[in-house]
Every structure is written in structure tokens, then in C-alpha cells.
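Take a look at the structure below.
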Amino acid sequence: MVALRRSHKKWIMVAADVVIIPFALWSAWALRFSDWWPQYYIDRFWWLFPLIIPVGIFIFARLGLYRAIVRFMSGQAFMAIVKGSVLLALILWSFAFVARLSGFPRSIPVIFGLVLFALVGGSRMLVRTFYQWLSRHYTNKEPVAIFGAGSAGAQLASALQKGKEFIPVAFLDSNSALWKHSVQGILVYNPKELETLISQYGIKRVLLATPNATKKQRKAILDHLEPFSVHVQTTPSMPDIVSGKASVDQLQEVELEDLLGRDPVPANTALFNACIHYKVVLVTGAGGSIGSELCRQVVKAGPSTLVLFEQSEYALYQIESELKNNEHVVFHGVQLVPILGSVCNAHRIQEVFHRYKVDTVYHAAAYKHVPLVEHNVFEGIRNNVMGTRVVAEAAKHAGIGHFVLVSTDKAVRPTNVMGATKRMAELVVQNLAIESETVFSMVRFGNVLGSSGSVVPLFREQIRRGGPVTVTHPDITRFFMTIPEAASLVVQAGAMGQGGDVFVLDMGAPVKIVDLARRMIELSGYDVKSEEHPEGDIEIEFTGLRPGEKLYEELLIGEAVSGTAHPKIMRANEELLPVETLNAFLDALVVAEQTQDALSARGILEKAIKGFKPSSPLADLLSGVAEKAPEKGIDKKSVH
């Protein structure tokens, strides 16, 4: 029957109703008189039986009952049965009243309507239940369990039953009031029974249907599921489902933010809008990971103009195309200005600042990939240090209200050129903040999820290929934060700046990367292969620290830190270099670039940046470079 064409199934249901309708009428007489065959009344009103059949079929057809797919029948289809039964009962009563049928019991239409609803509705329920049983026991679909027996779970189960890949066989829910109850014909179980369900149904996949759960609640669920060899996937968030951006059955891999269990603090609207609302805002590096999210966040606060400054044509095209369709841009008239250019081009920067009368600058343009910058020293210095100097000095001369530098935790006691250049950029901004009308501030934070070079997509791809998953060191740790949360906090921190502030974002507890890799493997339905478990599926391989990579990251250089008006933002009191000393170092870096002396450039950074200890094969050569520093144009007195 399952393989029949849709039109054939419809005619089978019509044929069933041709039998059910007169049977319901006969049942009404039998129940009314407690007699299986009330001969007297059937002999008098026999003609009602063939008459009621076409009328009933016509009414049910008009109500759309035969368009409904029985195995997916919804409340709307059952309402059609209710309406059809009531309408037929009323027609029968009206006909008896108008035709003045003597001896016709007034209770017959009522009993007929009730029996008709029970038989028509019951026949559909019987077919649906049979099909669901058949699907669970005789199907090629993969059996899955759904965690969350709420409305999202019910929608997901219904959607999966219509598809060809999965068949839901059990619901799991932490709400004990739902246990042993049925949702969409599927029983709800205590999550502690998962091991039994895996054995019983062969479940290899658990789908999270908890779009309203907080990150903390989702982490608790994942912690419970981690010991089992099941692939855990999630449904989209409720805002995405409601807005139409995603449907409930669009399964996604578990995101790292779910593993971290970190719930972002809602933005302080006053702080968020302070430097943006009705102002001209410029974002450098507008096409990058942080820069593009800053642009998305900025348009929410309603600037008059958003200037997108980016050196990559394709990245600029992407972010401009996306923002053109943003509801805040479309409905609130935010003007978008895409500008191609390099932050190292002083003339270009000055011209843009003056032409558009910029009020606020978020400087996110930087090279951030540690190994690449380690092997391309001068590009890192030029973009991260000199580019910051160009933009910051232009902002000061143009009298721009606020300048916010997006920095990194790698600037704290750096072991790599990228971190050293970002700390040097902080020193440049700190010095420019002295006696300046422009309010300069820096915001320092750790790794963001989904940025270029993030370990999460790398691990996911390695797991997809069957491993191994590569981790540089068994003890390496990192801080993590989502890109939207980081961008929102950058905007709010910038609004609290008073001049020269170094803001540090609360990143939560550091995450051990090997633990992250292990959890991602296990939540993908695999076992970790190791010496203790040689029968496992995917191995974790340690490759050694990359050039310039640290075992752990820090957010503070000194110990002086204070709170702010925002619980996730701290203010650090960091030392700065005297202006003459800083300028001497910057001039020496220019000379080193002119002579393409990378060793000398590293040595200058090591002397300029407090705590900079290069961890690369070239580190042993740097001590000799420091002694040669005067020959490269550095005044030793200004250095020490």
C-alpha cells in the first residue's frame, strides 16, 4: 500500500468512507434502540442509507479531507473530519425536520455524527499508526532519537517522517512530566535510558531540538551525550526558524559555543549606540572576520553613514552586498560607502576622513595568522604597526571623536612576530592618546570562533576525512568567544574610552585544545583511538608547536586591572614607552625594512616589546642582532 500512487490511495480512502458512512448511520439506529437490526426503522428509512453516501463524500471532499496525506495527518485534517461529521449530522436532522419524517428519533443525527467522527478519524489514525510502525521496523531510514519533546521536537519528528533519510524512534527530555507520554506517536524517555535505546533501536544519531535552551543548558545536554558513541546534531535557533532563515529540519553540526556553554551578556544599549547612532562610522578591514561582524553590529545602531575600508576587492564586495540587503540599511536609510585601499596609504586615509567627516573609527585591519606573519615579518610590521600608525595619526589630525583599535591576547608577552606587532600597535595608539582631542582606546581579546584559521572547521574537516585530528601540543590552551559577542563588546568598550584605555574582554575559562578535539570526535559519533583504546575510530596526533605559537595565552601584561560599567569588560593599566623611544624604534623598523634585514627587525621588536621572547628557530640568532642594533640606526640610549 505504501508504494501505491497518490491518486490510488485517495480512491481507497473514498471507498473506505463509502462503507463507513452508511455503517455509521446503521450504528446510530442500533445504539439508539439497543438492537443489532431494528427492522421497523430500517424498513421505513432504508432510502437514507444510499442518499447519505454521496452527500457525505461530497462534504468531506470539499473540506479537503482527501487531499491530506494520511500518514502525516495534522490537526487541520482532523478538524475537517469534525466539521464534516457535524455538518452531515445537521443535514440529516434538517432533512428529517423539513420532510416531516414521522417517527424519526431526534437523537439519531447526534449519535450518527459522533460515530461517524470516530470511524472516519479512527480509520485514518489506524493507517497512520500502522505506517509509523512499518517505518520503524521495516525501513531503510536511519533510526534517530530527538532530544527535546517540545513543539520544535514535534515539528522535527513530523518533518523527518516525511523525508527519506531518518526515522525518529524515541524522544528524550529532561522534563520528567513528559516521560512515557507520546508525541507524534513516539514515546518520550528519560535521557538516562539512552544506552538501552541505542541497543534496542541501533541509534547512531541524536538530534537536539532545543532552540530556546541557553548555552549553559545545551552544554549540560552535550555533557550527558558525550560518553555515548552517537553523532549529535542540532536544529537552528528559534529566531532563525521564526524569521524564515532556516527550517526546523535543517540539521547542523554542534557549534563550539554550545560546547563552551557561554551565554553572552545582552548589550548595554546606551553604550552600544553612543559612538554610532546618527554618526559617520569607518571600519578598517571591513571584509575580515572581525571587521565584517563589526559592520553588521554597527548598522544595528543606526549610523548615518558606514564607510567600509578594505584592501581586498572580493572581501569588500562580499560585505557590501550582504549589508545592502540588511533590514537596518534598507529600512533606516544607512548610507554604505565601500572604499578600496590600504591602511598604509596615508594620503588615501586622510582624504577619506575629510571627505566623509568621519566621527568614529574601528581599526580592525591586521594580519593575524601567527605562522604566516612569522614567515612574512615585514608584511606584519607594515600592516599591523605602520598601518595602525597611519590611521591613528590621521584620526588625530582630523579631530575624529573616537578611535578603537581591535587588539589581541597575543600582544601580551608575545612569543611571535604577530603578537609583537599588535603590542607595538597598542603602544603607538597609547602614545597618540596623550593630549589628544580624539579618544583613543584599545580592546584586547582572545580567539574568536569562526575566524580565519580557527581550529573548529579544521577539526571538523579532519573528522569528516576519518582523521587524524592534529593538535600542536597536549597542554595547549586557548580562550574562545563568538565573533558577534566580541564585536558587540568592542563597540561597547570603545564608548567607555577616556583616552589611552586598554580594555580587556572577559573570555571566560581557557579551553584545552586536546579536550576540544576529543569532544568534537565523540559528538560526531566516533571513539578516540589511543594506546589505551586501540580499537577507536579517530586518532589525535600531536604535531608540535608551530613557529611563534604559545602554549597558553594571557590577557594582561601587568597586574593592574579594574572593572567597568560592563561585567564582561575590564580596564587594564598598561605601561607605555616614551614618545622619543617609541619613534626611535619605529624609525629603526623602517630602516630594517629598507635593507630587508628580518633578523634586525625581530631584534628591534624584542627590545621594544616588554616580555617578547621569540619561540622560533631564529630565536637563537636574535641575541646577536641586539648587539648590532646601533649599526642599524638605533640610538642605544633611546632603547634602554
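Just name the residue that is farthest from the chain's Cα centre (by Cα) out of those in the stretch 574-604 that are closer than 30 Å to Glu485 by Cβ and in contact (Cβ under 8 Å) with a residue 60 or more places away in the chain.
Checking each candidate, the answer is Leu576.
Would you confirm, using the coordinates I've provided, whether Phe309 is surrounded by fewer than 17 Cβ atoms within 10 Å (Cβ to Cβ) and free of Cβ contacts under 8 Å to residues at least 60 places away in the same chain?
no
Quick one: which strands (runs of 3 or more DSSP E) lie wholly within the stretch 415-529 and hold at least 1 residues that are more than 20 Å from the chain's Cα centre (by Cα) and in the same structural domain as Ala394 (by TED's automatic domain parsing)?
439-444, 501-505
What's the number of the condition Thr472 fails, among (1) more than 21 Å from Ser292 (Cα to Cα); (2) modelled with pLDDT under 90; (3) crowded, with 19+ Cβ neighbours inside 10 Å?
(3)
Looking at (1) of a type outside the set (Gly, Ala, Ser); (2) modelled with pLDDT under 85; (3) surrounded by fewer than 21 Cβ atoms within 10 Å (Cβ to Cβ), which one does Glu541 not meet, given that it meets all the others?
(2)
Would you pick out the residues in the stretch 264-298 that are at pLDDT below 90 and either in a loop (DSSP other than H, G, I, E, B) or more than 28 Å from Lys215 (Cβ to Cβ) (or both)?
Pro264, Val265, Pro266, Ala267, Asn268
With (1) within 21 Å of Gln155 (Cβ to Cβ); (2) out of contact with any Leu (no Cβ under 8 Å at 6 or more places or on another chain); (3) at pLDDT 85 or above; (4) surrounded by 15 or more Cβ atoms within 10 Å (Cβ to Cβ) as the list, and Ile186 as the residue in question, which single condition is left unmet?
(3)
Taking the stretch 79-128 only, how many residues are part of a loop (DSSP other than H, G, I, E, B) and at pLDDT below 75?
The number of residues fulfilling the criteria is 6.
So in the stretch 54-78, with the set limited to residues that are small (Gly, Ala, Ser) and at pLDDT 75 or above, which one is surrounded by the most Cβ atoms within 10 Å (Cβ to Cβ)?
Here the residue is Gly56.
Take Phe353 and decide whether it is in a helix (DSSP H, G or I), modelled with pLDDT under 90 and more than 21 Å from the chain's Cα centre (by Cα).
The answer is no for Phe353.
Exactly one condition in (1) in contact with a strand residue (DSSP E or B) (Cβ under 6 Å, 6 or more places away or on another chain); (2) within 17 Å of Leu294 (Cα to Cα) is false for Lys324; which is it?
So Lys324 meets the others, but not (1).
Using the structure shown, decide if Val448 is surrounded by fewer than 24 Cβ atoms within 10 Å (Cβ to Cβ), among the β-branched types (Val, Ile, Thr) and at pLDDT 95 or above.
Against the criterion (surrounded by fewer than 24 Cβ atoms within 10 Å (Cβ to Cβ), among the β-branched types (Val, Ile, Thr) and at pLDDT 95 or above), Val448 does not qualify.
The values are calculated or read from the model by the stated rules, or taken from the named source; none is laboratory data. Being a predicted model, the structure only gives us computed values, none of them experimental. Please note: Cβ atoms are built from the backbone with ideal geometry, for glycine as well, and neighbour counts cover all protein chains shown.
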